[in-house]
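In what follows, a structure is listed as structure tokens, so that the remarks can point back to it.
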Amino acid sequence: MHDIRAIRENPAAFDAALSRRGLPGASSEILALDADRRAKIAAAETAAADQNKASKEVGAAKARGDDAEFERLRALVAEKKAEIARLTAEADAEDARLRDLLMRIPNLPHADVPTGKDEDDNVEIRAWGTPRQFNFAPVEHFDIPGVKPGMDFETAAKLSGSRFVVLKGAVIRVHRALAQFMLDTHITEHGLTEMWTPVLVKEDAMYGTNQLPKFAEDSYQTTNGWWLIPTSEVTLTNTVAGDLLDETALPIRMTAHTQCFRSEAGSAGKDTSGMLRQHQFEKVEMVSITTPDTSMAEHERMTRCAEAILEKLGLPYRTIVLCTGDMGFGAQKTHDMEVWLPGQNRYREISSVSVCGDFQARRMNARFRPASGGKPEFVHTLNGSGLAVGRCLIAVLENGQQADGSVDLPVVLHPYLGGKTRIAADGTLQ
RNA sequence: GGAGAGGUGGCGGAGUGGUCGAUCGCGCCGGUCUCGAAAACCGGAGUAGGUGCAAGCCUACCGUGGGUUCGAAUCCCACCCUCUCCGCCA
């Protein structure tokens, strides 16, 4: 959410930043509402002050037996009370409207971020690895002979419909190994703290990390009001909601491996085959809570944490910085890692690492007390995939496929597979 | 699901109708003492909103929303959340 004061102080800069995202200016509407709201608050507070004054005097009037004054003040209090009720109701309504308006406006892009319209304007900042040369035509993950016995979309459709999968045998073991490998690397080499969180959350948490109010249709809700998390960014970030932390506690670096649930509303017809885009998938997420002056450095650090996983797995990737038009709602700046998928002959997103500044912290009311002893300030929040496990499985399978239909598996996974090194063409782990 | 207890400032914990935004302890900040530190002692400090160049002033906030009252942290109602015991259960 945006700081109304910052908009008041510099409406032109606010509109200019929105314009970089390809959005119309909003400051004039916001400021008109804000001015109206403040006038109402001032009127309500003046009336409240009058009431408080009369309330204090009424006791004294009664004590000295001045009945006329007592009755006059009593009537005045009653009158002010009605006035206050009316004015605060109006002020509250405008405040709610303003808050809702501010809640629905995306974060402003960091100065570093290239201006652009869509993904064509994203900028590659580095690439790692060389796509392997195949002496046969590589296929997509679901067509690899060794994978087919362990990846069953028909049975999943019977159980749940489209965009679900049943995994079996060697394939799910590799999937599980990947998640374990990612977590272990993050906790032992990257200094993140492993967490395990609920996947059902209250509405407040979804507001905190900006899934709500604008993107309700992208997530699922239970009949009793819980939401299924679309990412553990929601739970990890909201662990500090409402807190006032000591600066010495920062940065807080967390990671969690959870199920994620997405309705994929609006992606009908996109990535319909294979397990690239599912309603239910697993992700190892990273979240950092930092001070304002360390968040940009943390963004680079977190990006490296994600890249390290890909490098250890030997998966060629490129890292891009998203342009203003392609960034997500809450981000100030985003790095996407795209992994090479030989079956599709292209790079596909496997991780997205974003710095949100105080955008989410303001929604969650998550603050820290500076070590210098000043006023509490909002923390900065960052989140990134490290990595999407299902997509990583796809990448490992497609990049490791062999002419005979088998799949060679990355060396770093072998210890997680009981020393096995490949999925044979018949689907067995060998 | 049944029964009970409770939600107060960074934390713990008092306060049951009127100078209570709130006793006290811990923690925090400043000072005295000390070579320095600890301890001890003295002093300071809530959060948010509004208004003002500023000092300041005003308003709100004791889980949330209503109500009673001239006046509510304190009384009443509803809701939310947490904890304990019982039952059930992965």
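Note on chain A: with a GNM built from Cα contacts shorter than 10 Å, the maximum mean-square fluctuation among A:K168, A:K148, A:K53 falls on A:K53.
For A:K81, the aspartates and glutamates whose Cα comes closer than 12 Å to its Cα, not counting residues fewer than 8 places off in the same chain, are A:E45, A:D50.
Partner lysines whose Cα lies under 26 Å from the Cα of A:K202, excluding those fewer than 8 positions away in the same chain, are identified as A:K214, A:K283.
For the options A:G419, A:G357, A:G146, a Gaussian network treatment of chain A with springs between C-alpha atoms closer than 10 Å singles out A:G419 as fluctuating the most. For the pair A:F136 and A:Q259, the difference between a 0.36 nm per residue extended length and the Cα-Cα distance amounts to 40.7 nm. Ranked by the mean number of other Cβ atoms within 10 Å of their residues, highest first, the peptides A:321-331, A:100-110 come out as A:321-331, A:100-110. Around the Cα centre of region A:280-389, unit charges on the Cβ atoms of Lys, Arg, Asp and Glu (plus for the first two, minus for the last two) sum to a dipole of about 240 debye. Taking A:D204, A:D246, A:D66 as the candidate residues, the one with maximal mean-square fluctuation in a Gaussian network model of chain A, Cα springs under 10 Å, is A:D66. The string of couplings for region A:261-276 from the Karplus curve (6.51, -1.76, 1.60, θ = phi - 60°) is 10, 9, 6, 6, 4, x, 10, 4, x, 9, 6, 7, 9, x, 10, 5 Hz, one whole number per residue in order, with x for Gly and Pro. Positive contributions from Lys and Arg (+1) and negative ones from Asp and Glu (-1), summed over other residues with Cβ under 15 Å from the Cβ of A:K168, come out at +1. For region A:68-196, the alpha-carbon radius of gyration amounts to 2.21 times the rule-of-thumb value 2.2 N^0.38 Å expected for a compact globular protein. Residues in region A:222-239 carry Karplus couplings, in order, of 7, 5, 9, x, 6, 10, 8, 5, x, 5, 6, 3, 4, 6, 5, 5, 6, 4 Hz; the curve used is 6.51 cos²θ - 1.76 cosθ + 1.60 with θ = phi - 60°, and Gly or Pro positions show x. Selection among A:A157, A:G116, A:I229 by position relative to the dipole of chain A gives A:A157 as farthest towards the positive end (Cβ unit charges, Cα centre).
Every read-out reported here was derived from the displayed coordinates using simple, explicitly stated rules and does not represent laboratory data. None of these values were measured; they are calculated from a predicted model. Every residue, glycine as well, gets a Cβ built from its backbone with ideal geometry; the counts of neighbours run over all protein chains shown.
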